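Note sheet for the following structure.
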Amino acid sequence: MTTTDAGVARSPRGRAREEAILAAAVELVSEVGYERLTCDAIAARARASKATIYRRWSGKAELVADALRRQAQGDGPIALPDTGSLRGDLLAAVRATARAVTGTGDLAGPSLLGLVEAVRDDPVLRAQVRSQIEDGSARVGRDVCARAAARGELLTHVEGGPVVVVAVAHVLLTTLLHGAPPTDGERAALVDTVLLPLLGASPRPSPSSSRGDHR
């Protein structure tokens with residue numbers, strides 16, 4: 001993006017145009033699916049030119065991936081709350097992951113769950129989503145481990161990124177196979193029996209993981 005384009009994107013008018021394009025993409029993904037989605041249709045729905053779209057995004061894969069990212073974190077990376085413990089921070093991270101996977105965040109948009117087939121078939125979208133998951137997991141893992149170290153919590157392993165990726169995979173697979181995201185009890189069991197041991201922290205007894213637990 002050029003300096004001029006960046007200035008336009010930061011202007012109220014440019015920001016409103018960008019939001020209209022994202023909203024149009026979200027609507028059309030829901031209506032026709034990712035495979036049938038075109039930048040022509042997005043431009044028509046948003047009442048924008050294709051040139052405007054291509055100044056900001058290289059194509060529909062990048063545009064939809066941006067909508068997916070915003071669904072998960074809004075305009076910037078989510079600042080996970082400092083709960084005062086590694087266990088609490090991991091529980092917060094898993095809750096945020098469940099919202100991102102199922103598309104239940106504050107900003108409407110496509111969910112990772114709804115794009116599984118498209119991610120499998122479209123290498124550009126797959127690369128975009130993979131980058132988002134890897135980068136986001138690395139950041140969250142780094143933050144929770146740094147907080148734990150600052151509190152004096154002892155960890156055998158301090159590379160938290162791969163551990164967060166395990167959480168993403170668990171939430172996605174559970175939601176696919178059970179038709180609903182993990183319950184409170186299942187999220188706690190994941191943290192206590194999988195994530196904390198992977199980091200070399202002492203696990204705690206987990207609550208019941210019955211699917212009848214409160215969601």
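Residues to consider are Ala51, Ala43, Ala6; find the one that is surrounded by fewer than 14 Cβ atoms within 10 Å (Cβ to Cβ) and modelled with pLDDT of 90 or more.
Answer to the selection: Ala51.
The set of residues in region 151-182 being under 15 Å from the mean Cα position of the chain (by Cα) and in a loop (DSSP other than H, G, I, E, B) consists of Pro181 alone. Residues being in contact (Cβ under 8 Å) with a residue 40 or more places away in the chain, outside the structural domain of Val29 (by TED's automatic domain parsing) and within 30 Å of Ser58 (Cβ to Cβ) are entirely absent from region 183-201. Residues that are part of a helix (DSSP H, G or I), buried (at least 18 other Cβ atoms within 10 Å of the Cβ) and either at pLDDT below 90 or assigned by TED's automatic domain parsing to the domain that holds Ala20 (or both) do not occur anywhere in region 137-149. What number of residues in region 135-162 are touching a residue at least 40 places away in the same chain (Cβ under 8 Å) and more than 19 Å from Arg99 (Cβ to Cβ)? Adding up the residues that qualify gives 10.
The values are calculated or read from the model by the stated rules, or taken from the named source; none is laboratory data. From a predicted model like this one, the values you see are computed outputs, not experimental measurements. Note that each Cβ is placed from the backbone with ideal geometry, even for glycine, and that neighbours are counted across all protein chains shown.
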